[in-house]
Amino acid sequence: MGASRKEILSSEKTFSGAQPTARTSVRARERAKRALVLALVAVLIAILAPWGVRGLGHWLVVANPLEPARAIVVLGGRVPFRAMEAASIYRQGWAPEVWLTKEVRSPEETALDRLGVAVIRGEGYNREVLEHLGVPPSAVRLLSDPVQNTVDEVRLIAGELGRDRGGRVILVTSKTHTRRVRATWSAIVGAAPRAVVRYAVEEPYHPGSWWRNTRDALDVSREVFGLMNVWVGFPVQPDRRRE
């Protein structure tokens, strides 16, 4: 026998009520994430208050002692300074290869392609810088998978180390980016394989007065929020719809 009209209406009401419950759950999780981020901001302010803004600029910069490694990796961005530092480390004999990452094509690069304008990408400049500074072409390796952010780079590099059975890598980045690179490696990879984090010595940066120029102020602001994103489990993700 078929269900009564009353039972059908009751079932429809139950089903329609489930959707708002699901939406409410999503909204609750989003509110929890925002609350956690705000809490971390408050904690960060409390920690850094005794140092003031001057101390924040110094706190972001970290470096590990150099150790023999499988490769030196030039993280994407800030041409030519990171490649210059990688060439210096290579000439000192700390690793037999220099690896380059390549970024996904940006909307600007895609637009230039459509216009028929030649695009020279950052990894191309980095290769030229390395070779100009004495790194043999045979020692330079371009990692094949494109990356969009630091998390992508860390996963790619760790995967390459696993395939090569290498035990250590030297990561070269900008001064303000070093603490976030170290935190990202720790969060995603852990203690093994190991990453030695180094910064580009010749890149201009004024840690004691970073708020006085737009370049340093933007760098510090991005890194502070980037670190908070690492600490709360990477809730903010890049827009991958363009890939």
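In the range 66-79, which residues are closer than 23 Å to residue 121 by Cβ and either free of Cβ contacts under 8 Å to residues at least 24 places away in the same chain or open to solvent by less than 40 Å² (accessible area, probe 1.4 Å) (or both)?
Applying the first criterion (closer than 23 Å to residue 121 by Cβ) to the range 66-79 yields 71-79.
If the condition is that a residue be closer than 23 Å to residue 121 by Cβ and either free of Cβ contacts under 8 Å to residues at least 24 places away in the same chain or open to solvent by less than 40 Å² (accessible area, probe 1.4 Å) (or both), then 71, 72, 73, 74, 75, 76, 77 are the ones that fit.
Give the residues of the range 192-205 that are modelled with pLDDT of 90 or more and surrounded by fewer than 13 Cβ atoms within 10 Å (Cβ to Cβ), sorted by residue number.
Once the filter is applied, which keeps residues that are modelled with pLDDT of 90 or more and surrounded by fewer than 13 Cβ atoms within 10 Å (Cβ to Cβ), the range 192-205 yields 201, 202, 204.
Need a quick list: helices (runs of 4 or more DSSP H) entirely within the range 18-122 having at least 2 residues that are over 21 Å from residue 173 (Cβ atoms) and modelled with pLDDT of 80 or more. Walk me through how you get there before you give the answer.
Values: elements: 52-59, 81-91, 107-115.
Because the criterion is at least 2 residues that are over 21 Å from residue 173 (Cβ atoms) and modelled with pLDDT of 80 or more, the helices (runs of 4 or more DSSP H) in the range 18-122 that meet it are 107-115.
Consider the range 120-139. How many of its residues are surrounded by 14 or more Cβ atoms within 10 Å (Cβ to Cβ) and among the β-branched types (Val, Ile, Thr)?
2
The values are calculated or read from the model by the stated rules, or taken from the named source; none is laboratory data. All of these numbers come straight from a predicted model, not from anything done at the bench. Heads up, the Cβs are rebuilt from the backbone with ideal geometry, glycines too, and the neighbour counts pull from every protein chain shown. We work out accessible area using only protein heavy atoms, side chains counted, and drop any ligands, DNA or RNA first. Shrake-Rupley method; radii C 1.70, N 1.55, O 1.52, S 1.80 Å.
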